[in-house]
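Accompanying notes for the structure given below.
The values are calculated or read from the model by the stated rules, or taken from the named source; none is laboratory data. What you are looking at is a predicted structure, and each value in this text was computed from that prediction instead of being measured. Cβ coordinates were reconstructed from backbone atoms using ideal geometry, including for glycine residues, and neighbour counts include every protein chain displayed. Side chains are part of the model used for accessible areas, which takes the heavy atoms of the whole protein and leaves out ligands, DNA and RNA. Shrake-Rupley method; radii C 1.70, N 1.55, O 1.52, S 1.80 Å.
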Amino acid sequence: MEGRGIENPVFDPPSPDAGSQRQASSPKVDGGIPAQFGEGLCGWGCFTPRALQVCNNPEGFLAMYSLLAIFQDTCQIPGTRSANFTCSASAMSSLSNYLYVFILGQLMLGVGGTPLYTLGTAFIDDSVAKHKSSLYIGIGYAMSLLGPAVGYILGGQLLNIYIDIEIPESTKMDPDDPRWLGAWWIGFLVCFVAVWPLIIPFSCFPKYLPGTAKIQSEKISETHDDGSELLVETQDIGKSFKDFPVALLILVKNPVLMSLIVASTSEALVATGFATFLPKLIENQFGKTSSFSATLAGLVLIPAAALGQVVSGILVSKCKMDCKSIIKFMIGTCSVALLLNTVFLFAKCGNEPFAGVSETYNGTGMLHNLTAPCNANCGCSRSMYYPVCGRDDVQYFSPCFAGCASLVINKMEKMYHNCSCIGKPERQAGLEDLFCEAVSGKCPTQCKLLPLFLTFFFFAVVFTFMAVTPTTVAILRCVPDKQRSFALGVQLVFVRLLGTIPGPILFGVAIDNSCTLWDINDCNTKGACWVYDNERMAYLLMGISAFCKIITIIFTVMAVRLYKPPAASAVLS
C-alpha cells in the first residue's frame with residue numbers, strides 16, 4: 001500500500017475487473033459483498049425468513065413500489081357538480097373552513113409521496129444495470145398510473161351515489177339533476193384503508209439489494225462535465241444538512257438539469273390540465289353525461305399514458321441509449337405530440353340550439369336573455385338549472401323557462417306538455433310526440449366526431465408520456481451519483497409548484513373564459529357555468545397545449561446542445 005496514496009473506489013476506472021478490485025480493497029460480509037454497500041437479507045432486524053428472500057431483488061422492490069404508487073395516486077378522483085346553497089352567511093363561512101382540511105390533506109399526501117419518486121426511483125437505478133434502468137422505471141411509472149385509472153373509474157361510478165348515501169325524502173333528485181352531489185369521499189376512505197398495510201412489506205428491504213456492488217462497479221459516469229462530480233466526491237457533499245445550500249447550488253448551476261426540469265414542468269402543466277378537465281371537455285363538446293365522461297376520460301388517458309411510458313422505457317433499454325441520445329429521443333416524441341395536438345382544429349363540435357343563449361324563442365325575446373314574452377309571467381328563477389329538450393330540438397334552461405305547465409312521468413322519464421315557448425317540430429311527429437313537448441335533460445348532440453377525437457387524443461397522450469421515463473433517466477445520468485435523489489426532488493418541487501398546481505388553474509381559467517351562461521343564484525352571486533362556447537373552448541385548450549409543447553421542445557433542444565459528456569480521463573484519479 002505504500003507509495004500508492006489513499007485508494008478511493010469512486011475513481012477506479014471502469015475496467016472489466018473493477019468489481020474484483022473494489023472487493024479486494026473493502027471489508028467483506030457473507031458472499032464477498034463489500035460491507036460499505038450494506039447489502040443484506042430481506043426482513044426486519046434478525047427476523048429474515050427464507051420465504052421473504054424471493055422478493056429480495058429489483059423485481060420484488062418494483063412490485064412494492066408499484067402497489068404503493070397505485071393506492072397513493074388513486075387522490076385523482078374526478079369531482080362532481082356544485083349544489084345550490086342558501087344565502088346564509090354563517091352556512092357559507094362554516095363550509096369554507098373545510099378548505100383548510102383539504103389543503104392539509106394534500107400537503108400530507110405530498111410529503112408522504114415524495115420519497116417514493118425520489119429515493120425509490122434512485123434505489124431502482126442503483127439496483128439494476130444501466131441499460132435496464134429505463135425499463136424498470138418505465139414499468140414503475142406506468143403501474144403508478146393505475147391509481148388515477150382506478151380513481152377515474154371509481155370516481156365516475158361514485159358520481160351516481162348521492163353524497164349522503166341516502167337521498168333525503170324532502171328532496172327528490174336523480175344523477176341528472178344539477179343539484180346532485182356524488183359520494184366523492186368513499187374513494188379516499190378506500191385508499192386510506194389500503195395504503196397502511198403496504199408499509200409492512202415495504203419496510204423489509206435492506207439498504208441495498210444483493211448484487212448492487214457489482215452493478216455499480218460496471219457503470220460508467222455520464223455526468224454533465226462541469227466539474228460538479230469531482231467537487232461532490234472530494235468535498236463529500238451531502239453528508240449533513242448543512243451541505244444543502246451548496247448541493248442545491250450545484251444542481252441549479254447544471255444547465256442540462258435545469259433545462260430538463262423546465263421541459264418536464266411544461267409537460268406536467270398540460271398533463272394535469274387535461275387530466276382534470278378532459279371529462280368536462282367530453283361532456284360539453286360531445287353531449288355526454290358527467291359520469292360517462294369521467295369514465296371515458298380515464299379509459300383513454302390512463303392506458304395511453306401507461307403505454308407511452310412502457311414503450312419509451314423498452315426503447316431506451318433495448319437501444320442502450322446514452323444520455324445525449326435519450327434527450328434527442330425526447331425531442332422526437334414531443335414533436336410528434338405537438339402535431340397530434342391539432343386534433344382540436346377538426347374534431348370539435350358546435351353548440352346545440354339553446355333558447356335565450358344562442359337563439360331567440362321562436363323569433364321573440366333577445367339573445368343572452370332567458371326571459372321572453374312566452375315565459376314572462378311564469379316567475380322563473382335562474383338559480384334552478386334543469387335543462388329540458390323541446391320537440392323542436394331546442395334546449396331550454398328549465399321547464400319553467402320553456403313555459404311548460406304540466407308534467408307526466410312515464411317509465412321514470414319526465415315528459416312535459418302545454419309548453420308555451422316550444423314551437424312545432426320541423427319533422428313529422430307522431431301522436432306521442434305531439435303530446436310530449438319536452439323531456440328532461442339536454443338535447444342529444446348531432447356531432448359524431450367523438451371516436452375521431454378520442455383516437456387522435458389517445459396517440460397524442462402516448463407520445464406525450466413517451467418523454468416522461470427518458471426525462472427521469474436523463475436527470476439521473478446528468479448529475480453526480482450522490483445527487484440523483486436530490487435532483488429528482490428538485491424536479492418534483494418545480495413540477496408541482498409550476499406544473500401540476502397551475503395546470504388545472506390555467507385550464508380552468510381558459511374553460512371559464514369560454515362560458516356563455518353562468519349560474520346566478522338567489523344571492524346574485526356567480527357560481528358554476530351552465531353552457532360553454534364549444535369552439536372557443538377547443539381553440540383555447542389547443543393554444544395552451546401547443547404553447548407548452550413548444551416550450552418543452554425548446555428547452556429539450558437546449559439540454560442536448562448544452563450537454564457535455566465527461567472526458568475519458570475523468571474516471572481516473
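The table below lists the values:
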item: Leading residue by the ranking (modelled with the lowest pLDDT) among those in the stretch 526-561 that are closer than 29 Å to F354 by Cα and open to solvent by 40 Å² or more (accessible area, probe 1.4 Å); result: K526
item: Total residues in the stretch 449-508, condition without any contact (Cβ under 8 Å) to a residue 12 or more places away in the chain and over 28 Å from F123 (Cβ atoms); result: 3
item: Candidate set: the stretch 495-525, residues that are of a type in the set (V, I, T) and modelled with pLDDT of 85 or more; chosen: the one farthest from the chain's Cα centre (by Cα); result: T516
item: Test: N369 is surrounded by fewer than 22 Cβ atoms within 10 Å (Cβ to Cβ), at pLDDT below 85 and touching a Cys at 6+ places or on another chain (Cβ under 9 Å); result: no
item: Residue list for the stretch 111-134, filter: open to solvent by less than 20 Å² (accessible area, probe 1.4 Å), out of contact with any strand residue (DSSP E or B) (no Cβ under 8 Å at 6 or more places or on another chain) and either not aliphatic (A, V, I, L, M) or not in a helix (DSSP H, G or I) (or both); result: G113, T118, G120, T121, D125, V128, S133, S134
item: For F85: the one exception among (1) in a helix (DSSP H, G or I); (2) at pLDDT below 85; (3) of a type in the set (F, W, Y); result: (1)
item: Some residue of the stretch 434-450 being surrounded by fewer than 17 Cβ atoms within 10 Å (Cβ to Cβ) and within 22 Å of the chain's Cα centre (by Cα); result: no
item: Count of residues meeting criterion [assigned to a helix (DSSP H, G or I) and either touching a Lys or Arg at 6+ places or on another chain (Cβ under 8 Å) or among the aliphatic types (A, V, I, L, M) (or both)] in the stretch 285-322; result: 20
item: From the options F241, F192, residue that is open to solvent by 30 Å² or more (accessible area, probe 1.4 Å) and under 26 Å from the mean Cα position of the chain (by Cα); result: F192
item: When residues of the stretch 195-217 are limited to those that are surrounded by fewer than 14 Cβ atoms within 10 Å (Cβ to Cβ) and in contact (Cβ under 8 Å) with a residue 12 or more places away in the chain, the one nearest to the chain's Cα centre (by Cα); result: S203
item: Residue in the stretch 505-525 that is within 26 Å of G332 (Cα to Cα) and open to solvent by less than 30 Å² (accessible area, probe 1.4 Å) present; result: yes
item: Count of the stretch 326-344 residues which are in contact with a Phe, Trp or Tyr (Cβ under 6 Å, 6 or more places away or on another chain) and under 20 Å from T472 (Cβ atoms); result: 3
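The rows are residues; the columns are (1) open to solvent by less than 10 Å² (accessible area, probe 1.4 Å); (2) under 23 Å from V408 (Cα atoms).
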position	(1), (2)
T342	no, no
L345	no, no
C349	yes, no
E359	no, no
T364	no, no
C374	no, yes
C378	no, yes
V388	yes, yes
D392	no, yes
